[in-house]
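First comes the structure, then the notes that go with it.
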Amino acid sequence: MHIKYCGIQTIEDFQLAKAGLADYVGFIFYSKSKRYVTPEKVQVMNCSGFEMKKVGVFVNGAPSEVLETAVKADLQVIQCHGNESPEELIFYKNVGYEVWKALPHGPQTLQAMERYKGVVDGYVIDSKVKEQFGGTGVAFDWNFVPAYTNTARSYSKKCFIAGGITESNIDSLMYYHPDGIDLSSGIESDGKKDQQKIKRIERKILHDIQSSR
């Protein structure tokens, strides 16, 4: 199962992620987010030389600006949270980036997954809260997780579940055997990544994986 720790803002956040089980670390390059960072700040973290892949989260960014940021921050994955078209996303894929599309849970999500299946490498399914583009800290109805996971598998794509995942409800999510989870506010205290919360949630993840074998 893939694990992504998102909303990394400081060297300390990155070090905690590096010490954990994360396959991916996410940086928010959306200026309206409270977890916004600049590519220059990511450069200072000196994140190179580690097995974790760096994911840049963007919302309706101009392709030229997204690519400039991706180069500066040495990203491996571009994750788009806005209203980007498949044609925009194939542009990033054609220049060598892994591309993920974040989609809000709702009646049209499966159709949207089909729309983007030819141009993305993965999906992030998140809650839809008013006009927010992810980062809500709100969980959606996880009864739908198998439908999203199976659809992504049929396309040979990754599928991350995001939104409101915490140590108190991770067992409920793991019941549905997601292929990937995307954690942010659930591993934070006072806006910073919390080592103890990370350890506790990782113990539960490992326990559930071992119990399912």
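Read-outs throughout are calculated quantities, based only on the coordinates presented, and are distinct from any laboratory measurement. None of these values were measured; they are calculated from a predicted model. FYI the Cβ positions are ideal-geometry reconstructions off the backbone, even for glycines, and counts take in every protein chain you see.
How long is the gain from residue 1 to residue 72 if the chain were fully straight, where each residue apart is worth 0.36 nm and the alpha carbon distance is subtracted?
So the chain would gain 22.7 nm between residue 1 and residue 72.
Give the percent of DSSP beta bridges with both residues in the range 103-213 that are antiparallel, rounded to the nearest 5.
20 percent
At 7 Å along Cα-to-Cβ for each site, give me the label-to-label distance between residue 177 and residue 138 in nm.
Going by the 7 Å Cα→Cβ label model, 3.1 nm.
Within the range 184-213, name every residue whose backbone N is under 15 Å away from a label modeled 7 Å from Cα of residue 23 along the Cβ vector.
Within reach of a label on residue 23: 206, 209.
Relative contact order, percent, of the chain when contacts are C-alpha pairs under 8 Å separated by at least 6 residues?
Value for the chain: 17 percent.
Taking a virtual spin label 7 Å from the Cα of residue 207 along the C-beta vector, which residues in the range 135-174 bring their backbone nitrogen under 15 Å of it?
Residues 166-174 fall inside that zone.
How high is the relative contact order of the range 143-200, in percent, with contacts defined as C-alpha pairs under 8 Å that are six or more residues apart?
Relative contact order for the range 143-200 comes out at 33 percent.
Could you work out which residue, out of 90, 198, 78, moves most in a Gaussian network model of the chain, that is, has the largest mean-square fluctuation with Cα springs under 10 Å?
90
Could you work out the equivalent-ellipsoid semi-axes for the chain, taking the square root of 5 times each eigenvalue of the Cα gyration tensor, largest first, in whole Å?
Each semi-axis is the square root of five times an eigenvalue, giving 24, 22, 15 Å.
Which of the aspartates and glutamates could a cross-linker bridge to residue 192, judged by Cα under 20 Å and excluding same-chain residues fewer than eight apart?
Residue 192 reaches 12, 13, 23, 40, 167, 182, 202.
How do 171, 208, 179 line up, fewest other C-beta atoms within 10 Å first?
171, 208, 179
Net charge around residue 159, counting only other residues with Cβ within less than 13 Å of its Cβ (Lys, Arg = +1; Asp, Glu = -1)?
Charge balance in the 13 Å sphere: +2.
Within a 10 angstrom radius of the beta carbon, how do 183, 16 rank from fewest other beta carbons to most?
Fewest to most other Cβ atoms nearby, the residues stand as 16, 183.
For the pairs 41/72; 53/157; 53/93; 54/101; 4/157; 18/157, note any where the Cα-Cα span goes beyond 19 Å.
Over 19 Å Cα-Cα: 18/157.
Return the sequence-ordered ³J(HN,Hα) values of the range 148-156 in whole Hz as given by the Karplus equation 6.51 cos²θ - 1.76 cosθ + 1.60 applied to θ = phi - 60°, using x for Gly and Pro.
Rounded to whole hertz, the list is 5, 5, 5, 5, 4, 4, 5, 9, 6.
Fully extended, how many nm does the chain gain between residue 62 and residue 87 (0.36 nm per residue separation, minus their Cα-Cα distance)?
7.7 nm
When 84, 167 are ordered from fewest to most other Cβ atoms inside 10 Å of their Cβ, what list results?
Placing the least packed residue first, the sequence is 167, 84.
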